[in-house]
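Take this structure first; my questions come after.
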Amino acid sequence: MSSVDGCATMYRRLKALRLENSITARALHILPAYSTYRKTYALLRQSRQWSREELEAYQTEALSRLLDHAYENVPYYRRVFQERGLVPADIATPADLDLLPILTKEIVQANLPDLKARNYPESAFEYVTTGGSTGIPVGFYYEKGASRAREWAFMKTQWDRVGYRFRDRCVILRGYIVGSGKEDVYWKKALFGRWLLMSSHHMTEETLPAYIDRIRKFRPRFIQAYPSMAVVLARYMAEHGVEPFPTVKAILCGSENLYPWQRSLLTEAFGCRVFSWYGNSEQTVLAGECEESTRYHIFPEYGILELIGRDGRPVTTPGETGEVVTTSLVNPICPFIRYRTMDAAVLGDGPCSCGRSYPLLEKVEGRLQEFIVTKDRRLISMTAVNMHSGVFDNVAQFQFYQKREGEVLIRIVRRPGYTEEDTEQILRELGKKFEGDVDVTVRFVGTIPRTRRGKYQFLIQDLPLDLWGISGCEKECRTKSG
């Protein structure tokens, strides 16, 4: 059975059973748009073999259609074109997009009614919001059913690289609240027993043995997880000598930045490949690793990605860091053109040995809010702060907080056995990482809360990090990633 036919069978069964859990509800939601899924998936199976020239030609044509559509049907963009004396034909290639202004989260919120395409009926709009991890929650619209169907097609194509099939058993550790302390059951099955949804809000030293036992009995082939959730499980396994799960082929990580220390710990504990992807709820960018590399392969069929340096100019040198600005090619009902993601990434150098001609990101540094600012206004990415070290063995949880340049507070949840010597070692370790340019204060706390979506924030950044130049900021900063 092909992947497409298998997906169709799964959806028919879902519809017949009318399951009510949230994951199943999402799958049911895209049933009317199954043809969209099938068409998108078929395109991606074909386009993965295209040359770079063929991919660029496809992207240029898709951009032309998007701009014509936005000009004719989206009031905000008609206004933008007219204010600049432009018509869509003036933007012949993705390189010409800099004729248009940056779209910020604040602009989206102030102009949302005018970002809705007028050639869609009101019943086609599905209102969604981001989690506000950058400090600015954003509301916008999907095309009901179709947007999620396209997303499934891209995600399935991405997971195909590590052998994922719809019939595979998966453990899901992605911010769900399941069960309660009274019941001592923190999981439930979904999708005909193929997915085991495990609560991320009940993972403690006391309950983790039960989690591990249930996973081992479930015999999953994959674990889909927020990296921070998988790390809680992995760290317990590593510290207690728990053997890896023999059936797990890969850990599928997304929705949070995957730090090098997390990848190392997950690989060590689970004994398998850790596969990461990068995207956003706004559906403007999607990139993921391949079978042979940990570099992020950007889907050109999904969107156009620009890396903008602090001088406001495109980043063109591999290894250089810039802010990710994106144009979605998959959600015309509410177009985002030159959208400022507030993410930082490093330009990659191709081609990849896997044979795909996709453009590459060497790594994703994370949100701008995931950088620490030094006394001389350098930026230090959290990817450079290695917390997988013996120095932190007696730390149960940690979180950095910054509200002044060159100063940072680290909140620590101590484990039994933590001593003053641990504090001294941590301060010495961080002093090396920050090269003496950041004063660190330690504060002990009883717990560190997750976000409302069940994620951990390793850094709460209260400084306005508008440091890349694309909004006219004149601060002089250098970047540092390791």
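The values are calculated or read from the model by the stated rules, or taken from the named source; none is laboratory data. Only a predicted model underlies this, so the values are computations on that prediction, with no experimental measurement involved. With ideal geometry, Cβ positions are generated from the backbone for all residues, glycine too; neighbour counts draw on all protein chains shown. Note: accessible area is taken over every heavy atom of the protein model, side chains too, but ligands, DNA and RNA are not part of it. Shrake-Rupley method; radii C 1.70, N 1.55, O 1.52, S 1.80 Å.
Enumerate the amide H contacts of residue 103 below 5 Å, restricted to partners 5 or more residues apart or on another chain; note that Pro and chain-start residues carry no placed amide H.
Excluding prolines and chain starts, which carry no amide H, the hits are 339, 340.
Sequence-distant or interchain residues sharing an amide H contact under 5 Å with residue 460, placed H: which?
Amide H neighbours of residue 460, under 5 Å, 5+ apart: 400, 401, 402.
Give the long-range amide H neighbours of residue 397: residues separated by 5 or more places, or on another chain, with amide H under 5 Å away, using H modelled in the peptide plane at 1.01 Å from N.
Under 5 Å from the amide H of residue 397: 413.
So between residue 184 and residue 51, what do we pick up on full extension, going 0.36 nm a residue minus the alpha carbon distance? Provide the component values of the computation, followed by the final result.
Working: separation 133, 0.36 × 133 = 47.88 nm, distance 5.35 nm.
Going from the current span to full extension adds 42.5 nm.
Determine the equivalent ellipsoid of the chain by diagonalising the alpha-carbon gyration tensor, then write out the semi-axes as square roots of 5 times the eigenvalues, largest first, rounded to whole Å.
Numbers: eigenvalues 251, 187, 82 Å².
The answer is 35, 31, 20 Å, longest axis first.
To continue, here is another question. How much accessible surface area, in Å² rounded to 10, belongs to the heavy atoms of residue 245 with a 1.4 Å probe?
10
With the crude spin-label approximation of a point 7 Å out along Cα→Cβ, what separation in nm comes out for residue 439 versus residue 377?
Each label point lies 7 Å from its Cα, and together they span 2.0 nm.
If the only charges are +1 at each Lys and Arg Cβ and -1 at each Asp and Glu Cβ, what is the size of the charge dipole of the chain around the Cα centre, to the nearest 20 debye?
Values: 66 positive and 59 negative charges, 433 e Å.
For this selection, approximately 2080 debye.
Let me ask something else about it. Please report, in whole Å³, the volume per residue of the convex hull around the C-alpha atoms of the stretch 226-296.
Working: hull volume 6.0 nm³, N = 71.
Once divided by residue count, the hull of the stretch 226-296 is 85 Å³.
Roll a 1.4 Å probe over the protein heavy atoms and report the accessible area of residue 152 in Å², nearest 10.
About 50 Å², ignoring ligands and nucleic acids.
Something else: Between residue 349 and residue 267, how high is the FRET efficiency from 1/(1 + (r/R0)^6) when r is the Cβ-Cβ distance and R₀ = 25 Å? Nearest 0.05. Don't skip to the answer; put the middle values down first.
Numbers: r = 24 Å, r/R0 = 0.96.
Taking R0 as 25 Å, the efficiency between residue 349 and residue 267 is 0.55.
Sticking with this structure for a sec: Run the simple label-point estimate for residue 167 and residue 401 please: 7 Å along Cα→C-beta, distance reported in nm.
Simple spin-label model gives 5.2 nm for this pair.
For the pair residue 160 and residue 60, how long in nm is the line joining their label points, each one 7 Å along Cα→Cβ?
Each label point is offset 7 Å from its Cα along the Cβ direction, giving 2.6 nm.
How high is the FRET efficiency from residue 447 to residue 205, r the C-beta distance, R0 22 Å, rounded to 0.05? Before the final figure, lay out each step's value.
Details: r = 13 Å, r/R0 = 0.58.
Result of the calculation: an efficiency of 0.95.
Given R₀ = 56 Å, what would the calculated FRET efficiency be for residue 83 paired with residue 414, taking r from the Cβ atoms and rounding to 0.05? Working shown, then result.
On the way: r = 57 Å, r/R0 = 1.01.
So the FRET efficiency works out to roughly 0.50.
Okay, moving on. Taking a probe of 1.4 Å, how large is the accessible area per residue of the chain, in Å²?
Details: 20590 Å² over 482 residues.
That works out to 43 Å² per residue.
If you don't mind, there's one more thing I want to ask. Could you work out how much longer the chain between residue 43 and residue 243 gets when fully extended? Use 0.36 nm per residue separation minus the Cα distance between them, nm to one decimal. Could you put the intermediate results ahead of the total?
On the way: separation 200, 0.36 × 200 = 72.00 nm, distance 4.07 nm.
Fully extending the segment from residue 43 to residue 243 adds 67.9 nm.
While we're here: Bin by bin, in steps of 5 Å, what percent of the Cα pairs in the stretch 303-367 do you find, going until the bin that has the longest distance?
4, 18, 24, 23, 17, 11, 3, 0
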